[in-house]
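The values are calculated or read from the model by the stated rules, or taken from the named source; none is laboratory data. Quick caveat: nothing in here was measured; it's all calculated off a predicted structure. Reconstructed Cβ throughout: ideal geometry from the backbone, glycine too, with neighbour counts over all protein chains shown.
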Amino acid sequence: MPLPDIAITHVPFPTEEADALILAIGATDDPAVSDELRTALDAIGFTGKKGSFARVYAPGFTESALAVVGLGQDHDLNTIRDQVGAATRQLTGFDTVAVETITDIDGAWRAAAEGSILGGYQFDVLKSTPEHELATSRRARRVLIHAPKRVTDDDLSAARASGEAVALVKDLVSTPADRQSPEQLADFAAEITTELPIQATVWDEQALADGGFGGILGVGIGSDRPPRLVRLDYAPEGAERHVALVGKGITFDTGGLSLKPAASMVGMQEDMTGAAEVLAVVRAAAQLALPVRVTAWMCIADNMPSGRATRPGDVLTMVDGTTVEVTNTDAEGRLVLADGLVAASRENPDVIVDVATLTGAMVVALGTRHTGIMGHGDAPDAFLRASDRTGELAWPLPLMEHMAEELDSRVADMQNANVGNRAAGSVFAGMFLQRFIGRIDNDPQAERIPWVHLDIAGSGMSTKSPYGFTDKGPTGASTRALIDFVAAGGEVV
């Protein structure tokens, strides 16, 4: 995880402790802006407008390299996080950077710390560029956050855990599929949680067959790299709430025999983002010693075409006995998630969340920055509150009962895709998944366990220009909101 080390400093800003300085400003007429600095800012026409960024020569204020970033007059903590993150991302070639915010918002230092960690992330481990050439484009290795004297390095634990979780997701999603098979991802998940109070259980292909996990097996059967199911359980003593997380982990998605076009196959190692996120979240929960039980289920498979592959028209039997006609082998994520949701439901958690790069239709509906959410009970509202608190974009979609008959199959209990009908494709997928959410206390007459479905097909990857603390590439979208959601026990707060 190539993240900067981050520490609190009480040395007055500007400081000689750093090679370069980042100053976040809401308005240049703020009394805290010195005359020398104001003169330098006026000279380049810097007004503090939100999103503005400039390198400034400010003699009399500092002789160090100085970057200023605008917060705008009506800024909040989310703005501070985003804009300090953007500045950390853009200011390269310096080993140690100090960060200060000129604002009267309480907790600005914490938002600046979060932004610095997130913006300082960089994935260059596979580049063969010589070290001396990388130095000029590399982000700071160490960031000093100016904070009130009451604040110590221990107060950065939440920011560090959140930043490490997002970085872990980005690392895994950026790893090419030739270096990350289902077995390798499963082994990595077990290994990275070894020193934490997390119990890991891995089902190999034989155990999956013995357990009747027909969805995961049916998707992975066409690959020479067999599928895996991973359960990671963090169960602190005295926990009164239990949150289950289920993640789609398709380590490469060709579409199977319903083969994708060549251009659509590029980047399909990212189809395991959901599994990466649930791993990162349960790990963060253990690092932070949250008083909530968290169980993460990683449903991992390669979706490949071969003589063994599942064919359109084949019928798979899910782990609960439900039969599913596979009308489209490229609608594979919902098949592996179905098995994971049943397994999670059997433990009767208080709430279930599934995370998946599930449908291209979600990109059409909400674009590339909003996570689409569906569900029932209080879980969707609880997640939306968590998204608001962490500044992550999410938008609810309805589960429309009049579409229920579209799930029907002529030969099986259900079909996995409504082939030829492009209407509300994301909602169809959500309604398919809802069928596999168990009943409270496993009572067939009870309501279903509260559940929220996160479709990150658009938000999980930034394919255009960088923005805020986010580079082009994997975003880790919803990871921080999920940590917040888990910390609240999945309840509306």
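Of all residues being in contact (Cβ under 8 Å) with a residue 40 or more places away in the chain and in contact with an Asp or Glu (Cβ under 7 Å, 6 or more places away or on another chain) in the range 182-207, which is nearest to Thr479 (Cα to Cα)? Just the residue, please. For the range 182-207, the residue satisfying everything is Ile198. List pairs: first in the range 29-56 and over 20 Å from Ile80 (Cα atoms), second loosely packed, with under 13 Cβ neighbours inside 10 Å, Cβ under 7 Å, 6+ apart or cross-chain? Note: pairs meeting the criteria are Glu36/Gly60; Ala40/Tyr57. Among the residues of the range 457-493, those that are part of a loop (DSSP other than H, G, I, E, B) and of a type in the set (Asp, Glu) comprise Asp471, Glu491.
Find all pairs meeting these conditions: Cβ atoms under 7 angstrom apart; at least six residues apart or on different chains; first residue within the range 60-77 and assigned by TED's automatic domain parsing to the domain that holds Thr103 and part of a loop (DSSP other than H, G, I, E, B); second residue surrounded by 20 or more Cβ atoms within 10 Å (Cβ to Cβ) and among the hydroxyl-bearing types (Ser, Thr, Tyr). From residues that are assigned by TED's automatic domain parsing to the domain that holds Thr103 and part of a loop (DSSP other than H, G, I, E, B), the pairs are Leu71/Thr79; Leu71/Thr103; Gly72/Thr79; His75/Thr103.
Touching a Pro at 6+ places or on another chain (Cβ under 8 Å), modelled with pLDDT of 95 or more and surrounded by 22 or more Cβ atoms within 10 Å (Cβ to Cβ): is that true of Asp271 in this structure?
Numbers: touching a Pro at 6+ places or on another chain (Cβ under 8 Å): no; modelled with pLDDT of 95 or more: yes; surrounded by 22 or more Cβ atoms within 10 Å (Cβ to Cβ): yes.
Criteria not met by Asp271.
For the range 17-35, the tally of residues that are closer than 19 Å to Ala98 by Cα and either part of a helix (DSSP H, G or I) or within 36 Å of the chain's Cα centre (by Cα) (or both) stands at 10.
On the stretch given as the range 397-420, residues that are part of a loop (DSSP other than H, G, I, E, B) and in contact with a Phe, Trp or Tyr (Cβ under 8 Å, 6 or more places away or on another chain) total 3.
Just one of the listed residues (Asp443, Asp455) is surrounded by 23 or more Cβ atoms within 10 Å (Cβ to Cβ) and assigned by TED's automatic domain parsing to the domain that holds Ala386, and it is Asp455. Pairs linking a residue in the range 216-227 that is in the same structural domain as Asn416 (by TED's automatic domain parsing) to a residue that is part of a loop (DSSP other than H, G, I, E, B) and among the aromatic types (Phe, Trp, Tyr), with Cβ atoms under 9 Å and 6 or more positions apart or on different chains, are Pro227/Phe213. For the range 146-153, indicate whether the set of residues that are closer than 26 Å to Thr475 by Cβ and among the basic types (Lys, Arg) is non-empty. The answer is no, given that none of the residues of the range 146-153 is closer than 26 Å to Thr475 by Cβ and among the basic types (Lys, Arg). Here Val319, Val324, Val336 are screened, and the one residue that is in a loop (DSSP other than H, G, I, E, B) and crowded, with 22+ Cβ neighbours inside 10 Å is Val319.
For Arg369, the criteria (1) over 22 Å from Ala417 (Cα atoms); (2) part of a loop (DSSP other than H, G, I, E, B); (3) more than 20 Å from the chain's Cα centre (by Cα) hold in every case but one, which is (3).
Kindly indicate whether Ala98 is in contact with a Ser or Thr (Cβ under 7 Å, 6 or more places away or on another chain) and either part of a strand (DSSP E or B) or in the same structural domain as Phe53 (by TED's automatic domain parsing) (or both).
Details: in contact with a Ser or Thr (Cβ under 7 Å, 6 or more places away or on another chain): yes; either part of a strand (DSSP E or B) or in the same structural domain as Phe53 (by TED's automatic domain parsing) (or both): yes.
It is true that Ala98 is in contact with a Ser or Thr (Cβ under 7 Å, 6 or more places away or on another chain) and either part of a strand (DSSP E or B) or in the same structural domain as Phe53 (by TED's automatic domain parsing) (or both).
Of all residues in the range 91-103, those satisfying the criterion of being in contact with a Lys or Arg (Cβ under 9 Å, 6 or more places away or on another chain) and either without any contact (Cβ under 8 Å) to a residue 40 or more places away in the chain or surrounded by fewer than 24 Cβ atoms within 10 Å (Cβ to Cβ) (or both) are Leu91, Thr92, Gly93, Phe94, Asp95, Thr96.
Name the residue that is surrounded by the fewest Cβ atoms within 10 Å (Cβ to Cβ), counting only residues in the range 458-493 that are among the β-branched types (Val, Ile, Thr) and closer than 21 Å to Ala112 by Cα. So that I can check it myself, show each step before the final result.
Kept after step one, since they are among the β-branched types (Val, Ile, Thr), are these residues of the range 458-493: 463, 470, 475, 479, 483, 486, 492-493.
Now narrow it down to the ones that are closer than 21 Å to Ala112 by Cα: 470, 475, 479, 483.
Values: Thr470: 23, Thr475: 28, Thr479: 29, Ile483: 28.
Filtering the range 458-493 for residues that are among the β-branched types (Val, Ile, Thr) and closer than 21 Å to Ala112 by Cα, the one surrounded by the fewest Cβ atoms within 10 Å (Cβ to Cβ) comes out as Thr470.
A Cβ distance below 6 Å, combined with a sequence gap of six or more or placement on separate chains, defines the contacts here; from the range 116-127, residues that are at pLDDT 85 or above reach residues that are assigned to a helix (DSSP H, G or I) and of a type in the set (D, E, K, R) in the pairs Gly119/Arg89.
Answer yes or no as to whether Val143 is β-branched (Val, Ile, Thr) and either surrounded by 20 or more Cβ atoms within 10 Å (Cβ to Cβ) or outside the structural domain of Asp320 (by TED's automatic domain parsing) (or both). Taking the combined requirement at face value, the residue satisfies it. The test for being among the acidic types (Asp, Glu) and surrounded by fewer than 17 Cβ atoms within 10 Å (Cβ to Cβ) does not hold for Asp82.
Check the range 243-259 and report whether any residue there is in the same structural domain as Gly430 (by TED's automatic domain parsing), of a type in the set (A, V, I, L, M), surrounded by fewer than 19 Cβ atoms within 10 Å (Cβ to Cβ) and more than 30 Å from Asp441 (Cα to Cα).
Within the range 243-259, one or more residues are in the same structural domain as Gly430 (by TED's automatic domain parsing), of a type in the set (A, V, I, L, M), surrounded by fewer than 19 Cβ atoms within 10 Å (Cβ to Cβ) and more than 30 Å from Asp441 (Cα to Cα).
All conditions but one from (1) touching a Gly at 6+ places or on another chain (Cβ under 8 Å); (2) closer than 27 Å to Phe123 by Cβ apply to Gly48; the one that does not is (2). Only one of the numbered conditions (1) crowded, with 21+ Cβ neighbours inside 10 Å; (2) over 20 Å from the mean Cα position of the chain (by Cα); (3) not in a loop (DSSP other than H, G, I, E, B) is not met by Ala331, and that is (3). Being charged (D, E, K, R) and surrounded by 13 or more Cβ atoms within 10 Å (Cβ to Cβ) is the filter; apply it to the range 180-215 and report the residue that is farthest from Gln287 (Cα to Cα). Only one residue fits best here, namely Glu205.
Go through Ala112, Ala159, Ala189 for me and flag whichever is assigned to a helix (DSSP H, G or I), within 19 Å of Ile250 (Cα to Cα) and either small (Gly, Ala, Ser) or at pLDDT below 95 (or both). Before the answer, list the steps.
Numbers: Ala112 fails: within 19 Å of Ile250 (Cα to Cα); Ala159 fails: within 19 Å of Ile250 (Cα to Cα).
Only one candidate qualifies: Ala189.
The residue list Asp124, Asp106 contains one member that is surrounded by fewer than 17 Cβ atoms within 10 Å (Cβ to Cβ), in the same structural domain as Arg38 (by TED's automatic domain parsing) and within 21 Å of Lys170 (Cα to Cα), which is Asp124.
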